[in-house]
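First up is the structure itself, then whatever we jot down about it.
Values quoted throughout were computed directly from the atomic coordinates according to the rules given, and no laboratory measurement underlies them. The shown structure was predicted, so the numbers you read here are calculated from the model rather than taken from an experiment. Using ideal geometry, Cβ is built from the backbone for each residue, glycine included, and neighbour counts are taken over all protein chains shown.
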Amino acid sequence: MEQEGVGRLPRPSDLSPPLIHFLNDQFRTRDDLSRFPNVELELRRRCSHLETALSDLTCRLSESFAVYAAHSNDIGALVGGVREVLFDLRSCEGVSPRDGEEGEETERSQQILGKELPALARGVARVETVRAYAETALKLDSLVGDVEDAVSSSVIGKLKSPRGASSEETHLVAISSLKQIEDILTSITKARPQWSRLVSAVDHRIDQALAILRPQAIADHRSLLSSLGWPPPLAGSSLSGKNIGKSPEFSNPLLTMEGELKGKYCVSFLSLCHLQELQIRRKARQLEGCNIVIDLHQPLWVIEELVTPISLATQPHFSKWLDKPEFIFALIFKITRDYVDSMDDILQPWVDKARLVGYSCREEWISAMVASLSTYLAKEIFPKYTEHIESDSLRSSWLQLIDLMISFDKRMQSLLANSGLLISLSEADNMRSISALSVFCDCPDWLDIWVEIEREEMLEKLKSAIQIEKNWKTKLQGTILMSGSQDYRSPAVSSIFLKCLSLLIDRVRSLPSISLRYKFLKLTGSPIIQDFLDCLLRRCQESEGLTALADDNAMINVSYSINAARYCESTLTEWCEDIFFLEIETAERSGIFDEEIKGMKDFQDEWSEKISTVILRGFDARCRDYLKNKKQWQEKSDESRVGLKAFVAALDYLQEKISKLEGELNAIDFTRTWRRVASGVDQLVFNGVIASNTKFSDAGVQRFVSDIDILFGVFSAWCLRPGGFFPRLSEGTRLLRMEEMQLKHELVKGKDKWLQENGIRHLTLLEAEKIGKNRIFVIKNNNNISSNPCPDFKPKLIGSHQYVVFGKCLSLSIGMIENLCSLMFCILVMFLLFLFLSTLPSSYAAFGVGGLRFVQLLNGVDDMAYQNNMKVGRNFDANYVVDLLLLLCGGWIFSFRLYGDSLCVDIMLRNSSIIALFGLADLCRKLLLKILFGTVFLLFSKTFFLV
């Protein structure tokens with residue numbers, strides 16, 4: 001600069017703040033005055049660049065004005081045309097046409113309104129769109145140019161003077177322009193989607209600018225961190241887990257920075273935050289409308305720049321601790337814990353100022369530290385552990401490493417939870433970022449190795465516990481689940497099994513991915529459960545093979561296995577209702593332990609049914625004589641009830657077995673077992689007695705009902721109404737106790753409807769009719785009708801306890817043979833007599849009537865009963881002779897009953913034919929005398945009536 005051109009220096013107050021700041025930076029000391037020529041040269045160069053940029057801007061502005069003027073002229077011409085058309089339209093409407101031109105003007109108006117006016121409106125809209133497009137393009141071009149200028153000037157400044165250049169303000173200017181551009185592009189995408197080429201062109205230029213701007217901003221940020229003294233030294237870090245406080249040598253550069261350095265770091269921090277926020281907005285806009293689901297959440301760039309130097313500084317330490325990974329985890333945890341508070345106190349307000357929504361510096365700091373550890377594990381630790389996985393030492397080292405990772409994740413999560421804020425990373429998809437176990441997400445083969453080692457380890461523990469017989473004999477005390485108050489009486493081995501499975505599930509909870517949890521549980525939990533179930537099955541089969549479960553010890557061993565299966569099945573079902581399992585099943589659309597739980601239920605059903613089958617088999621063997629003795633239900637007295645003792649013995653056996661089961665089996669399976677036994681006994685006794693064509697007299701019904709009451713009494717110890725568990729026996733006895741009118745007449749008429757009305761639900765109509773046919777009724781003094789189907793005569797017996805029954809067979813003896821011979825002689829005599837009577841004319845039919853009347857009088861029957869039981873005046877034919885024979889034979893035998901004090905003879909008449917005729921006397925001599933006396937008396941009575 002020439003001396004003449006130098007005037008008086010301006011006053012400091014006249015200088016602008018940027019100029020004062022520039023001079024202060026350039027001339028700090030007197031020695032800096034020697035650099036004046038260089039400063040002048042630099043200023044001239046900057047001025048030349050600014051002039052060049054200004055000239056370029058002026059040229060572009062002129063071109064833009066020219067384009068705008070051209071568009072304005074076009075619009076003016078179009079507006080003029082619109083005015084002319086409107087003027088013509090108004091003239092057509094205002095001036096009344098002449099008569100000859102009326103049709104032509106009307107046609108012209110219709111053409112203007114129908115065609116030219118819409119076309120004109122479309123043209124105006126098109127022009128308006130062009131104008132808006134041009135204005136938007138010009139504005140975007142100007143803003144993009146500002147961004148490019150700021151980037152280029154920042155780069156040039158760095159190249160010319162790296163030490164003295166201050167690019168933070170330039171970055172802020174560029175970021176401000178980028179935000180405006182993004183706002184315009186967002187509005188265009190929503191309002192003008194057809195301008196996609198303009199948007200893509202702008203995005204292309206912005207991507208080029210950001211490719212330079214972001215690395216430059218990161219480089220400036222790293223230089224500032226280096227000037228702050230980051231990363232801090234690691235030599236003073238204490239790895240003891242007991243020292244939870246900070247070491248005396250600990251220093252946090254984030255807390256010690258101040259003044260201008262803190263301001264620069266804050267500007268650089270905000271620049272990176274704004275750039276990341278802008279990047280997220282651009283990505284969201286570009287993906288809008290696409291059917292692609294992408295997580296836009298990225299690690300915070302400023303936190304990554306803090307973690308990266310620390311990760312590099314820890315590598316030398318980690319390489320020394322490959323055989324002691326616990327030191328690696330301890331160091332990472334201590335560094336994370338020492339600086340986590342400063343993230344909340346210092347950096348979080350700056351992130352909020354940058355309006356980065358959904359970011360927590362605490363979370364990002366912990367996540368970045370865990371990610372650095374996971375990266376090192378994946379590159380250095382796990383490849384070494386997988387080289388010789390077959391050796392036992394490496395397998396134990398593998399499990400130890402997994403334990404360290406799980407413990408480390410829990411400690412990190414505790415740091416995250418101590419913030420007192422709602423943790424966004426608690427979601428399943430984001431848990432991966434704060435878990436060291438995320439290495440298995442990228443390497444599924446390592447998960448398979450872990451699964452195999454874990455499964456073999458658990459099976460080995462379970463096998464050793466199963467082999468101890470004491471674990472099967474010792475019952476757990478207080479095996480009561482929270483869902484109910486049921487005591488399962490489970491052996492101790494089931495508790496050991498569930499503890500092993502619970503430890504396995506607790507380890508699975510630390511996995512960050514739901515798919516990994518599902519895979520791990522299916523590959524480890526399911527085989528372990530199946531192995532335990534197979535062990536229960538083998539024990540039951542061994543007990544069954546030795547004694548067929550007939551021995552009490554064998555039945556108790558099976559009961560222990562059933563109790564263990566019941567307890568494990570109930571526990572697994574309760575676990576599967578936990579939110580942890582529900583999330584997995586919902587995501588995978590499949591149950592985890594459904595098949596295993598079903599297998600345990602089937603095991604319980606199968607072996608409880610086998611126990612009930614064994615008990616029923618024993619009951620059947622003991623009461624077989626009772627079921628086969630069908631004549632006991634027809635007899636009057638209980639002297640010949642040989643099967644009653646067998647039935648009592650069977651009930652005693654039944655009560656003993658069920659009582660032992662009650663003391664050993666859990667309440668649920670015990671209830672199912674005794675109910676199954678009751679159902680089997682119900683079916684067995686019903687089919688063996690009622691449904692086997694057994695004839696029942698009144699006395700037999702009373703005895704059978706008494707036996708059934710004893711049976712109900714046995715089961716009354718386990719239920720209040722045992723009859724409800726024996727439905728067929730209960731309904732069968734109800735039918736047997738019904739009156740003849742109900743059972744034989746009303747049943748035939750009503751059928752199924754009658755069964756429903758009388759509460760018969762478990763018997764079919766055929767079974768009910770069969771019971772009615774086998775029921776034998778007696779004739780009482782009130783002239784009730786008996787089961788004798790003879791239509792003309794229904795005999796009555798002397799006394800109140802005489803019955804018409806099928807027959808009474810006693811043991812073969814000499815007296816029985818003699819009685820039969822005597823009776824055969826009596827029958828022969830009367831047969832000859834009635835052959836003689838059949839030759840008489842029909843006028844002597846009253847002979848039969850008189851004989852019958854005499855016999856009835858001997859039996860104490862009055863005339864009214866005689867009139868009711870005999871039809872007088874019936875034609876005398878062959879059938880009548882047979883009927884008379886039967887009646888006289890019946891009267892004769894009844895006479896025996898009248899004269900004899902120790903004689904008991906029964907006869908049954910059915911369908912006009914003698915079915916059975918048996919006699920019995922105390923002594924053959926007395927029987928023969930009574931037969932002869934009765935025959936002579938009968939002949940005398942016949943002769944008397946004939947005369």
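So here's what we get for this one:
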{"read-out": "Unit Cα scatterers, Debye sum, region 601-671: log10 I(q)/I(0) for q = 0.23, 0.28 Å⁻¹", "value": "-0.96, -1.19"}
{"read-out": "Point-charge dipole on Cβ atoms (K/R +1, D/E -1) for region 456-603, about Cα centre, debye to 20", "value": "320"}
{"read-out": "Cα gyration tensor, region 539-637 - rounded (a/c under 1.5), prolate or oblate", "value": "prolate"}
{"read-out": "Listed residues SER342, LEU306, LEU322: farthest to the positive end of the dipole of region 304-351 (Cβ charges)", "value": "LEU322"}
{"read-out": "Total formal charge among the other residues, if their Cβ is under 10 angstrom from that of GLU168, Lys/Arg +1 and Asp/Glu -1", "value": "-1"}
{"read-out": "Ranked packing of 376-386, 303-313, 269-279, most packed first, by mean Cβ within 10 Å", "value": "269-279, 303-313, 376-386"}
{"read-out": "Dipole in debye (nearest 20) - region 592-697, about Cα centre, beta carbon charges: Lys, Arg +1; Asp, Glu -1", "value": "780"}
{"read-out": "Fully extended contour minus Cα-Cα distance, from LYS645 to GLU456, at 0.36 nm per residue", "value": "62.2 nm"}
{"read-out": "Rounded FRET efficiency, nearest 0.05, which uses the C-beta distance separating SER152 from GLU128 and R0 of 35 Å", "value": "0.45"}
{"read-out": "Estimated distance in nm for a label pair at ASP352 and GLN756, the labels positioned 7 Å out from Cα along Cα-to-Cβ", "value": "7.6"}
{"read-out": "Qualifying GluC sites (Glu not before Pro) for region 597-640 [loop in DSSP, other Cβ within 10 Å: at most 10]", "value": "GLU639"}
{"read-out": "Cβ-based net charge around SER590, under 12 Å, with every Lys or Arg adding one and every Asp or Glu removing one", "value": "-1"}
{"read-out": "Stretch gain in nm, segment THR547-ARG45, where the contour uses 0.36 nm per residue and the Cα spacing is subtracted", "value": "169.8 nm"}
{"read-out": "FRET efficiency for LYS470 and GLN530, using Cβ-Cβ distance with R0 set to 30 Å, rounded to 0.05", "value": "0.75"}
{"read-out": "Label point distance in nm, HIS204-HIS745, each placed 7 Å from Cα along Cα→Cβ", "value": "11.0"}
{"read-out": "Förster radius 60 Å - calculated FRET efficiency between ARG589 and LEU78, Cβ distance, rounded to 0.05", "value": "0.40"}
{"read-out": "Proximal charge balance of ASP207 [Cβ under 15 Å; K/R count +1, D/E count -1]", "value": "+3"}
{"read-out": "Potential extension, ARG675-LEU394 segment - 0.36 nm per residue separation minus Cα distance", "value": "95.6 nm"}
{"read-out": "Among LEU546, ILE592, LEU572 - extreme Cα towards positive end, dipole of region 531-593, charges at beta-carbon", "value": "LEU546"}
